Amino acid sequence: MIPAKNVVTAEWVWLKCQFGCDGFNRRLSCPPFTPTPERMRRMVGEYRRALIYCYHRPLDLKTRRRMGRLLVAIERAAFLDGCHKAFGLGAGPCRFCAKCDTGRLCRFPELMRPSMESCGIDVYATCRNSGIELHVVRSRTERPKYVSLVLLD
Ligand code: SF4
């Protein structure tokens, strides 16, 4: 559990999505379909507490989907427990469909949540503020750490 003020947003995060990531404009969970850093900053300001967690996982599709379901399950449990504003933000692009049709509404809105970074959250700074060690992965053999967040209250 962390204070929501630990969550850092920054304009440069969107630049990294727009230039250098092949997911930009390809999935509804990614920019430009997600909240801008400015909007996210205002949203985070409406919360007092958040839950942050991280995991190492193999990059297979089944595990990605399982982690997406886990995020929504935590959000739902928090909601039913009285946190009516609970909202989950995952890690990486949504993978519930093989191909995302960005010209239509999401096929699984009950499961899809945007990633932290797609909403302009500086995941590194947020982890640093929260006592989670996170560093840049320097090779493909190194297993990355994934971080998710549930805004509570
Ligand atoms: S659930 Fe499907 S349609 Fe919705 S964002 Fe994910 S991939 Fe796209």
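Please state which one of Leu51, Leu71, Leu28, Leu80 is touching a residue at least 40 places away in the same chain (Cβ under 8 Å) and more than 26 Å from His135 (Cα to Cα). Being touching a residue at least 40 places away in the same chain (Cβ under 8 Å) and more than 26 Å from His135 (Cα to Cα) holds for just one of Leu51, Leu71, Leu28, Leu80, which is Leu28.
For the stretch 96-108, a tally of residues being near the ligand (Cβ under 7 Å from one of its atoms) and either within 20 Å of Lys16 (Cα to Cα) or touching a Leu at 6+ places or on another chain (Cβ under 7 Å) (or both) returns 3. When Arg138, Arg107 are checked against the criterion of being among the charged types (D, E, K, R) and at pLDDT 95 or above, Arg107 stands alone in meeting it.
All told, Pro93 meets the bar of being within 11 Å of the ligand (Cβ to nearest atom), under 22 Å from Met43 (Cβ atoms), assigned to a loop (DSSP other than H, G, I, E, B) and in contact (Cβ under 8 Å) with a residue 40 or more places away in the chain.
Filtering the stretch 105-153 to residues that are surrounded by 14 or more Cβ atoms within 10 Å (Cβ to Cβ) and acidic (Asp, Glu) leaves Glu117, Asp122, Asp153.
The values are calculated or read from the model by the stated rules, or taken from the named source; none is laboratory data. Computed from a prediction, not measured in an experiment: that's the story for all the values here. Using ideal geometry, Cβ is built from the backbone for each residue, glycine included, and neighbour counts are taken over all protein chains shown.
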